[in-house]
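K.L.:
Structure provided below as structure tokens; questions to follow.
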Amino acid sequence: MTINRRDFLKVSGAGAASTLIAGCATQSAPTVAKASPKVVVVGAGFGGATCAKYLRTWGPNIEVTLIDPNDNFISCPISNWVIGGMKTMADITRSYDKLPSQYGVKMVKDYVVAIDTKARIVKTKGGGSFSYDRLVLSPGVDIRTDLVGGFKEAEAAGKVVHAWKAGAQTALLRKQLVNMPDGGVFVMSVPTVPYRCPPGPYERASLVADYFTKAKPKSKIILLDGNPDIVSKKPLFMGVWNTLYKGMIDYRPNNAPYRVNGDTMTVTTEFDEVKGDVLNVVPPQRAGAVCEMAGVRTAANDNWCPVNLTTFESTTTPNVHIIGDSVSAALPKSGHMANNMAKVCASAIVELLAGRNPDTVPVITNTCYSAVSDTKAGYVANVWRWEGAKGYVSQPDGGATAVPDELNKAYNESWASNIWSDVLG
Amino acid sequence: MKTTLLVAGLSAFMLAAPVHATDVHTRTIASTCFACHGNNGVSNGAIPSIAGLDKAYFVKTMQDFKSGARPASIMKRHASGYTDAEFVAMGDYFASLKK
């Protein structure tokens, strides 16, 4: 449904802003307040866990059920540091314990297998059935391994991983790099946009280069980018590739892999056939599979989920909210963004369930640090303010560092620790 | 038509409750700061805590980041995204948090 907001732009000032956003903020109106409304959140990553925690903090009468199949929270941010050997899996793993004990979130360890958006019921593999007044989907990305020929077989054989979701594949990729002989070739690919964590592939290449420089200096990195140029923080990454890692990284734009062979250890692109000792192919991505179950992932939006960006409610299905990577928007897909979207979404849901109107001028920020070595990092930071018909407008002083330094490396590490505590309590 | 009715209903509500909307906005924008500055503004590591900061100090610091009077690594980029009124409202809130 498209709502014409033009009429509401004629007025200005604080009171008028309320009217303006009311016209586009909600698909479903605030409901008559229930004593104990139910919200089900699917996915306990940066978006979902944050949303559950803030729903309980701001709406203590709300019964919040958080469904996720994982035992622990494993952070994608900083997982490149594990691959580069600067951190361990234990360093990026955190417990969910405080969400139930301190915030009263009901944790369900299970897979979602069906969503009935008419009856408002979520069903899980273990036979659970959860009714909701509002549903929040925060599944992250679905990695399209089907779009790279041979990937599924090579992945199942443990020969080629994407490691684009932190976990067992992160540890396996690190092990492959450790086992690689000096003088070996590491082949990595960058998916076509949009994908999770725009600077992530370039950070990974840099940190593997840092590891090679110290441990295997004769080794090479071939970076096959599906995009025409470096997607994020180009001056920062090019700067270190041309200095710290001079001659080590062979960057090849417009080179999306369409086939990988785990037996011959070969990656095929439109222009190249590249052999390597370790292959790290990162396929293209779309909104998580549960979004398909709820009917909110749309082909018209390139398999992402269109939402009303002031409440994150689906524009196709009432009472279903989507946050994080799965959202269709000209906003970066980062853990920090998912955390910020979760807060705007939680705030809106608390108000809507109480029969009130949500915040009319939400603000979303992104802070994204990237390490380029074991001592230096840089960042990109932006603030987006909702400006009615213009949508989220990036404020003028946003931007990225061009030169990495030690201070930002310290901030990068502190940022990780702090956002984990904000997400998990 | 359905949209028009919805808008009319919500607008009426908003006019009746402007103060509430301000509080919700402050609560939400203040929480965006916790992503870097830690749960309820209590930080681990190099990034400073903001819980329990003196309100006047907070407001002045944010204004100086925004104007460039105080040099910063990342904070000019963030401070420039907020208004003076928001600095005051967030300053009130952060001052109330336990260090």
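Read-outs: derived from the displayed coordinates by stated rules, not from any lab. No experiment lies behind these values; they were computed from the predicted model shown. Neighbour counts are summed over all protein chains in view; Cβ atoms, including those assigned to glycine, are modelled from backbone coordinates with ideal geometry.
K.L.:
Check A:Ser232: other-chain or 5+ apart residues with amide H under 5 Å from its amide H, H built from backbone geometry?
P.N.:
none
K.L.:
List every residue whose amide H lies under 5 Å from the amide H of A:Val113, counting only residues 5 or more places away in sequence or on a different chain, with H placed 1.01 Å from N in the peptide plane.
P.N.:
Amide H to amide H, under 5 Å and 5 or more residues apart or across chains, A:Val113 pairs with A:Lys123, A:Thr124, A:Lys125.
K.L.:
Please give the FRET efficiency for A:Phe271 paired with A:Val178, using the beta carbon to beta carbon distance and R0 = 30 Å, rounded to the nearest 0.05.
P.N.:
Numbers: r = 31 Å, r/R0 = 1.02.
It comes out at approximately 0.45.
K.L.:
Mind checking which aspartates and glutamates have their Cα closer than 16 Å to the Cα of A:Lys214? Skip sequence neighbours fewer than 8 apart in that chain.
P.N.:
Cα-Cα hits under 16 Å: A:Asp182, A:Asp374.
K.L.:
For the range A:162-213 and the range A:27-61, what is the separation of their Cα centres, given in Å?
P.N.:
Going from one Cα centre to the other spans 36 Å.
K.L.:
Here is a further query. Which residue fluctuates most in the GNM of chain A (Cα springs below 10 Å): A:Leu331, A:Leu309, A:Leu135?
P.N.:
Maximum among the listed residues: A:Leu331.
K.L.:
Another question, if that's okay. Helix-only mean residue ellipticity at 222 nm, chain A, DSSP H runs n ≥ 4 weighted -39,500 (n - 2.57), per residue, nearest 500. What is it? List each step's numbers first, then the result.
P.N.:
Numbers: 11 runs with 121 residues, N = 425.
-8500 deg cm²/dmol, from helical runs alone.
K.L.:
Given H placed 1.01 Å from N in the peptide plane, which residues other than close sequence neighbours of A:Met89 have an amide H under 5 Å from its amide H?
P.N.:
Counting only residues 5 or more places away or on other chains, the set is empty.
K.L.:
Report the antiparallel proportion of the DSSP beta bridges in the protein assembly as shown as a percent, rounded to a multiple of 5. The partial results should precede the final answer.
P.N.:
Values: 38 of 70 bridges.
Close to 55 percent.
K.L.:
How long are the semi-axes of the equivalent ellipsoid of the range B:20-95, defined as square roots of 5 times the Cα gyration tensor eigenvalues? Whole Å, largest first. Before the final figure, lay out the partial values.
P.N.:
Values: eigenvalues 63, 50, 25 Å².
Its equivalent ellipsoid spans semi-axes of 18, 16, 11 Å.
K.L.:
How big is the charge dipole of the range A:170-282 about its Cα centre, in debye rounded to the nearest 20, if each Lys and Arg gets +1 on its Cβ and each Asp and Glu gets -1 on its Cβ? Provide the component values of the computation, followed by the final result.
P.N.:
Values: 14 positive and 11 negative charges, 79 e Å.
Once rounded to the nearest 20, the dipole reads 380 debye.
K.L.:
Tabulate in residue order the Karplus-calculated ³J(HN,Hα) for the range B:29-40, using 6.51 cos²θ - 1.76 cosθ + 1.60 with θ = phi - 60°, rounded to whole Hz; enter x for Gly and Pro.
P.N.:
5, 5, 5, 5, 5, 5, 4, 9, 9, x, 4, 6
K.L.:
Separate question: Under the Kirkwood approximation applied to all pairs of distinct alpha-carbon atoms, what is the hydrodynamic radius of chain A in Å? Intermediate values should be presented prior to the final figure.
P.N.:
Working: mean 1/r = 0.0448 Å⁻¹.
Mean inverse Cα-Cα distance, inverted, gives 22.3 Å.
K.L.:
Take chain A, connect every pair of alpha-carbon atoms lying under 10 Å apart with a spring to form a Gaussian network, then pick out the residue of A:Gly59, A:Gly158, A:Gly324 with the largest mean-square fluctuation.
P.N.:
With Cα springs under 10 Å in chain A, the top fluctuation among A:Gly59, A:Gly158, A:Gly324 is at A:Gly158.
K.L.:
Excluding residues fewer than 8 places away in the same chain, name every one of the lysines whose C-alpha is closer than 19 Å to that of B:Lys66.
P.N.:
Partners found: B:Lys55, B:Lys76.
K.L.:
While we're on this one: Give the lysines reachable from A:Lys123 as a straight Cα distance under 20 Å; neighbours fewer than 8 places away on the same chain don't count.
P.N.:
Answer for A:Lys123, where 20 Å is the Cα cut-off: A:Lys38, A:Lys106, A:Lys109, listed by chain and number.
K.L.:
At q = 0.09, 0.12, 0.20 Å⁻¹, work out log10 I(q)/I(0) for the range A:281-423 with the Debye formula, treating every Cα as an identical point scatterer and leaving solvent out; two decimals please.
P.N.:
The Debye formula, applied to the Cα set alone, gives -0.33, -0.58, -1.25.
K.L.:
Can you give the FRET efficiency to the nearest 0.05 for A:Ala114 and A:Ala168, using r as the Cβ-Cβ distance and R₀ = 30 Å?
P.N.:
Working: r = 26 Å, r/R0 = 0.88.
It comes to 0.70.
K.L.:
Holding the Cα-Cα limit at 19 Å, pick out from A:Lys165/A:Lys333; A:Lys53/A:Lys87; A:Lys343/B:Lys99; A:Lys218/A:Lys409; A:Lys125/A:Lys165; A:Lys165/A:Lys216 the pairs that are longer than that.
P.N.:
A:Lys53/A:Lys87; A:Lys343/B:Lys99; A:Lys218/A:Lys409; A:Lys125/A:Lys165; A:Lys165/A:Lys216
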